Amino acid sequence: MPREEGGDAMEMDASSPTHGPVPQPTIPAADREVPSSGPGGLLVPLKTEPNVEVSQAKTTELVAEDMEVESGGQKDVAQQEQDPMEGAFTWVIEKYDEIQDKKMYSDDFTIGGYKWRLLIFPKGNGTQHVSLYLDVADSDTLPYCWSRSASFTLSVLNHLDPELSHRKDAQHVFCQKESDWGFTQFLSLDELLNDQKGFVSTGRGGA
């Protein structure tokens, strides 16, 4: 899968200028990576499970997988086993269509000895698309001029056919100015919330 342009998750509205790298004319806007604030090098799955009490509740599975972090120094075998440089994370979001929060963070998870989390704008970051990013969870407490490199894949799982899951790859050097990285136009809200597309589960079947 070809690498796509991305960016950080700076919050935007209809009057805000485009944020992130200069657009490449051959890459559709929806496929460009941008910082929300700026992450990279991690692949995280986000997953939502059916609500057993409300059968009509819509749940969505977001996934970060194939995450690989570049080590900042040499590690012995014991350290590598304790803090593997590769991994994945799944986030289950229930009642997605009822969410009122402008943005949400997943729980923290550790890969390569670093703390990460997923950042999502459920109704879009100034756009009619789900906005999804990988974020350095402890960026506020890291020393001045810190950086870390990572490659990752962000996904919204398809409950009807896993092969139709929506995935985008990214690679980024995370730093103080760009502590998160991902896609402002990850997947259109119309497509995500359309029951026939398979990105939400109502909990009525095996999904």
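Every number here is computed from the coordinates shown, using simple stated rules; none is lab data. In this text the structure is predicted, and so the values were computed from the model without any measurement. Glycine also receives a Cβ, built like all others from the backbone with ideal geometry; neighbour counts cover every protein chain displayed.
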Count of segment 132-167 residues which are in contact (Cβ under 8 Å) with a residue 60 or more places away in the chain, within 14 Å of the chain's Cα centre (by Cα) and closer than 17 Å to TRP116 by Cβ: 11
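In this structure, is GLN171 within 25 Å of ASP66 (Cα to Cα), in contact with a Gly (Cβ under 7 Å, 6 or more places away or on another chain) and among the polar types (S, T, N, Q)? Lay out the reasoning, then the answer.
On the way: within 25 Å of ASP66 (Cα to Cα): yes; in contact with a Gly (Cβ under 7 Å, 6 or more places away or on another chain): yes; among the polar types (S, T, N, Q): yes.
So GLN171 fits the description; yes.
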Restricted to segment 131-169, and to residues that are among the hydrophobic types (A, V, I, L, M, F, W, C), touching a Ser or Thr at 6+ places or on another chain (Cβ under 8 Å) and assigned to a strand (DSSP E or B), which residue is nearest to ASP190 (Cα to Cα)? VAL156
